[in-house]
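The values are calculated or read from the model by the stated rules, or taken from the named source; none is laboratory data. Predicted model only: the values in this text are computed from it and were never measured. Cβ placement follows ideal geometry from the backbone for every residue including glycine, while neighbour counts extend to all protein chains displayed.
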Amino acid sequence: MQILLPVLIIGGLGLIFGFGLAYASKKFEVKVDERVSRVREILPGANCAACGQTGCDAFAEAVVAGGAEVNGCPVGGAEVAEKVAKIMGKSSKKFEARVARVMCGGSSKKCRSKYSYSGIEDCAAAANLFGGPSACAYGCIGMGNCARACPFGAIVIEDGLAKVIATKCTGCTKCVAACPKKIIEMVPISNEYTVRCSSFDSGKVVRQNCDVGCIGCGRCVKVCPHNAIKMENNLAKIDPALCQNCGECAKVCPTKAIELFLCGVQNKESVAV
């Protein structure tokens, strides 16, 4: 009895606690919508946060909860958006893929330098030293912060200038955040013409520093039949929403600062980078 009694007591307590835990698990159970796991399964799994959420899991939960659009994953594109919309019983809005573009054409062959840099191979570090070695204070430093930040290997450095490989770019925007000069922008992939310059200097200063910079002459603005180009602080800016890819602006640009991209890829015949 001395052994049996403690065993019965412990066994009885175990049963009581077991029933209690079972009841509590049912009573306070947090029901998870099965659509969350279904959405998560079709996401690319990049966890790049380009959707505005902390990762793919958070995005799936936000979509089901109504806090994110079904086409909010730029990496997955239209295909993923359609699948997510089907799971949610919604119609997917027209998805316009976006690609990163470096708004600078001033390679080491086209843009002059103001000093020889031999410090840390880091764009931010170089930018802190008189704005970087490039004669243009607005241009690409070319030390690869954007390339290192890209998880898809979509950026390379050629002749001291960052170049986006459009076929690899998923639109995650990590390169945009990594660039200290803020010269990488996301544009619709269907937008074929881009002013690859970010300088707000006067035309005279631009010509002294770079052979392919925008000099603010305004010729592109005058010939555009769709009013898609405006001058902002001596710099031509193309509005993707209005641009019809007619190419009239590129024809008259005296410095060839306006470049052609076919399906997001630079036209080799019109670009010398």
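For the reader, a short list of remarks on this structure follows.
- Residue within region 160-179 that is more than 30 Å from G77 (Cβ to Cβ), in contact (Cβ under 8 Å) with a residue 40 or more places away in the chain and part of a strand (DSSP E or B) present: no
- Matching entry among T173, T167 (being of a type in the set (S, T, Y) and over 19 Å from L260 (Cβ atoms)): T173
- Among residues that are of a type in the set (A, V, I, L, M, F, W, C) and out of contact with any Asp or Glu (no Cβ under 8 Å at 6 or more places or on another chain), A127 is included.
- Scanning region 211-264 for residues that are crowded, with 21+ Cβ neighbours inside 10 Å and in contact (Cβ under 8 Å) with a residue 60 or more places away in the chain yields V212, G213, A257, I258, E259, F261, G264.
- Being in the same structural domain as C150 (by TED's automatic domain parsing) and surrounded by fewer than 16 Cβ atoms within 10 Å (Cβ to Cβ) holds for only one residue in T194, T167, and it is T167.
- Subset of region 180-224 [closer than 24 Å to L262 by Cβ, assigned to a loop (DSSP other than H, G, I, E, B) and of a type in the set (S, T, N, Q)]: S190, N191, S198
- Within region 134-144, the set of residues being of a type outside the set (F, W, Y) and surrounded by fewer than 24 Cβ atoms within 10 Å (Cβ to Cβ) comprises A135, A137, G144.
- If you check K110, K174 for being buried (at least 19 other Cβ atoms within 10 Å of the Cβ) and closer than 18 Å to D201 by Cβ, only one passes: K110.
- Verdict on V80 being of a type in the set (A, V, I, L, M), without any contact (Cβ under 8 Å) to a residue 60 or more places away in the chain and touching a Leu at 6+ places or on another chain (Cβ under 8 Å): yes
- Some residue of region 92-108 being among the hydrophobic types (A, V, I, L, M, F, W, C), without any contact (Cβ under 8 Å) to a residue 24 or more places away in the chain and within 17 Å of I42 (Cβ to Cβ): no
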